[in-house]
Amino acid sequence: MEKIEHIGIAVNSVEEAEKLFTALLGKSPYKQEIVEKDGVLTSFYQIGESKIELLIATSPESPIRKYLDNKGPGIHHIAFGTSNVQAELDRLAGEGFQLIDKAPRPGADGKRVAFLHPKSTGGVLVELCEDDPNAQ
Ligand code: ZN
């Protein structure tokens with residue numbers, strides 16, 4: 001693990017959350033991106049070498065919608081940057097961590113990502129991410 005790449009925050013409304021975080025951080029988001037497969041609209045703020053990723057559900061079946069219904073808005077996951085997600089997944093599986101993704105898959109903002117199950121990480125949903133060489 002090389003750095004905290006971003007912190008994901010689940011929010012109900014993109015308009016309200018962007019207004020709040022733009023005031024809080026003193027800057028505007030640099031991009032919005034929909035990840036169709038995950039049922040999520042993302043909005044990104046750059047903070048030094050890390051980012052804040054706002055997560056908004058795009059459908060009632062979205063995992064973010066379910067998370068919001070259960071827990072309400074707030075910190076959803078922490079993403080660690082690494083140069084090799086697959087090598088880290090293999091290492092962590094060997095350490096006994098429960099993988100949600102056995103291999104990296106396309107995520108938002110030009111990354112390949114994989115998640116660990118919060119049951120095995122003290123209740124924290126952990127994402128690993130690396131730059132996707134095929135991202136445009
Ligand atoms: Zn994320």
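The values are calculated or read from the model by the stated rules, or taken from the named source; none is laboratory data. It should be emphasised that the depicted structure is a prediction, and the values quoted were computed from it without experimental measurement. Using ideal geometry, Cβ is built from the backbone for each residue, glycine included, and neighbour counts are taken over all protein chains shown. Side chains included, ligands, DNA and RNA excluded: accessible areas come from the protein's heavy atoms. Shrake-Rupley method; radii C 1.70, N 1.55, O 1.52, S 1.80 Å.
Contact order, relative form, for the chain: 25 percent (alpha carbon pairs under 8 Å, 6 or more residues apart, mean separation divided by residue count). Taking only alpha carbon atoms, the chain gives an Rg to Rh ratio of 0.95, where Rh is the Kirkwood radius. Taking a sphere under 12 Å around the Cβ of V85 and counting the other residues whose Cβ falls inside, with K and R at +1 and D and E at -1, yields a net charge of -4.
Specify the longest stretch of the chain that does not include any exposed loop site, a site being one of the trypsin sites (Lys or Arg not before Pro) with a non-H, G, I, E, B DSSP assignment and at most 15 other Cβ atoms within 10 Å. For trypsin sites (Lys or Arg not before Pro) (loop position, at most 15 other Cβ atoms within 10 Å), the longest site-free span of the chain is 28-101. Inter-part distance, the range 5-47 to the range 57-136, computed on C-alpha centroids, equals 17 Å. Using alpha carbons only, what's the Rg to Rh ratio of the range 72-136 with Rh from Kirkwood? Rg/Rh: 0.98. Taking the longest Cα principal axis of the chain as reference, the axis of helix 85-94 is set at about 60 degrees.
Would you please state which residues of the range 118-136 a label at R105 would reach in this model, taking the label point 7 Å out along Cα→Cβ and a backbone N cut-off of under 14 Å? So the set is 128.
Take the Cβ atoms of I7 and S120, set R0 to 22 Å, and the FRET efficiency comes out at 0.65.
Between D131 and K37, the contour length at 0.36 nm per residue exceeds the Cα-Cα span by 32.0 nm. Summing charges over all other residues whose Cβ lies under 15 Å from the Cβ of H76, with Lys and Arg as +1 and Asp and Glu as -1, gives -1. Per residue, the accessible area of the range 3-131 comes to 53 Å² when a 1.4 Å probe rolls over the protein heavy atoms. Taken about its Cα centre, the chain carries a charge dipole of about 240 debye when Lys and Arg each add +1 at the Cβ and Asp and Glu each add -1 at the Cβ.
Taking the helices alone, the chain has a mean residue ellipticity at 222 nm of -7000 deg cm²/dmol, built from -39,500 (n - 2.57) per DSSP H run of at least 4 residues and averaged over all its residues.
Using DSSP to call loops (not H, G, I, E or B), can you name the chymotrypsin sites (Phe, Trp or Tyr not before Pro) in the range 31-136 whose Cβ has at most 11 other Cβ atoms within 10 angstrom?
Values: sites: F44, Y45, Y67, F80, F97, F115; in loops: F97.
Listed in order of number, the matching sites amount to none.
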